[in-house]
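Visitor: Mind having a look at this structure? Questions to follow.
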Amino acid sequence: MKSEQLQAELDARQKVELAAQKLLRGLAKEAGAGKPAAIVEVGSYVGLSALIMAGDGHRVYCVDHWLGPEDVNDRLGEVSHRLRKLHGDDILLATFLENTKLLLFKSIFPCRGPSQFWAKHWPFQVDMVFLDADHRYREFKADVEAWLPHVRTGGIMCGHDLSAFEGVVKSVNEIFGDNYDSDAAGSIWWAKK
């Protein structure tokens, strides 16, 4: 691939990511309905989306085991496993804490452990849930079904990677039918409860 083609591809990807970030911040603001929103993010990785959603004073509860994707088909899975092998199992959590340190325990609250565990014990309704953890069909669908009851009426259930993983598309279609939207790139999807 020529350098001009590579640069054009990188520029296009950057535009999609910036648009997705802007949309995610807008969804957080909408979910709060004029007040700071309570948001659960399932799958926080190194904290970028948590930082985006924490703007405007929103509280983001980040649920993750911080071991990286288990799915070998997930592009971050291989990277995560290599990082853990080189630097130990806490490298992703340490990176998340470093990246979010200015808002840590002010607007961003890490909740380490499995999604299903936290959903079972979650103590209050939230304005929004953002799913970006396991993208395999059964696992993703289980996350949607576990967290949807915690979204207040009028709140937003949303997620990442709609077009990137068959399990996400299938789950979202089965659960929400035609009652969801997505951005043009299929990066972010959302549904009102």
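The values are calculated or read from the model by the stated rules, or taken from the named source; none is laboratory data. This one's a predicted model, so the numbers in the text were calculated from it and none came from an experiment. Backbone-built Cβ (ideal geometry, glycine too); neighbour counts: all protein chains shown. Just the protein is used for accessible areas: all its heavy atoms, side chains included, with ligands, DNA and RNA removed. Shrake-Rupley method; radii C 1.70, N 1.55, O 1.52, S 1.80 Å.
Visitor: Taking HIS81 and the conditions (1) crowded, with 16+ Cβ neighbours inside 10 Å; (2) modelled with pLDDT under 85, which numbered condition does it fall short on, given that it satisfies the others?
Guide: With (1) crowded, with 16+ Cβ neighbours inside 10 Å; (2) modelled with pLDDT under 85 applied to HIS81, the lone miss is (1).
Visitor: Considering only residues of region 164-180 that are over 20 Å from GLY154 (Cα atoms) and touching a residue at least 12 places away in the same chain (Cβ under 8 Å), which is surrounded by the fewest Cβ atoms within 10 Å (Cβ to Cβ)?
Guide: GLU174
Visitor: Restricting to region 116-149, name every residue that is buried (at least 16 other Cβ atoms within 10 Å of the Cβ) and of a type in the set (Lys, Arg).
Guide: The answer is ARG136, LYS141.
Visitor: Here's a follow-up. Of the conditions (1) at pLDDT 95 or above; (2) out of contact with any Phe, Trp or Tyr (no Cβ under 7 Å at 6 or more places or on another chain); (3) closer than 29 Å to LYS170 by Cβ, VAL72 fails just one. Which one is it?
Guide: Every condition holds for VAL72 apart from (1).
Visitor: Okay, moving on. Please enumerate the residues belonging to region 91-111 that are of a type in the set (D, E, K, R) and either surrounded by 14 or more Cβ atoms within 10 Å (Cβ to Cβ) or under 11 Å from LEU51 (Cβ atoms) (or both).
Guide: Once the filter is applied, which keeps residues that are of a type in the set (D, E, K, R) and either surrounded by 14 or more Cβ atoms within 10 Å (Cβ to Cβ) or under 11 Å from LEU51 (Cβ atoms) (or both), region 91-111 yields only LYS101.
Visitor: Are there any pairs, at least 6 apart or on different chains, whose C-beta atoms fall under 8 Å, with the first in region 150-161 and open to solvent by 10 Å² or more (accessible area, probe 1.4 Å) and the second assigned to a helix (DSSP H, G or I), and if so, which?
Guide: Listed by first residue and then by second, the contacts come to HIS150/ALA119; HIS160/ALA20; HIS160/SER49; ASP161/VAL168.
Visitor: Regarding ILE39, is this residue surrounded by 23 or more Cβ atoms within 10 Å (Cβ to Cβ) and β-branched (Val, Ile, Thr)?
Guide: Against the criterion (surrounded by 23 or more Cβ atoms within 10 Å (Cβ to Cβ) and β-branched (Val, Ile, Thr)), ILE39 qualifies.
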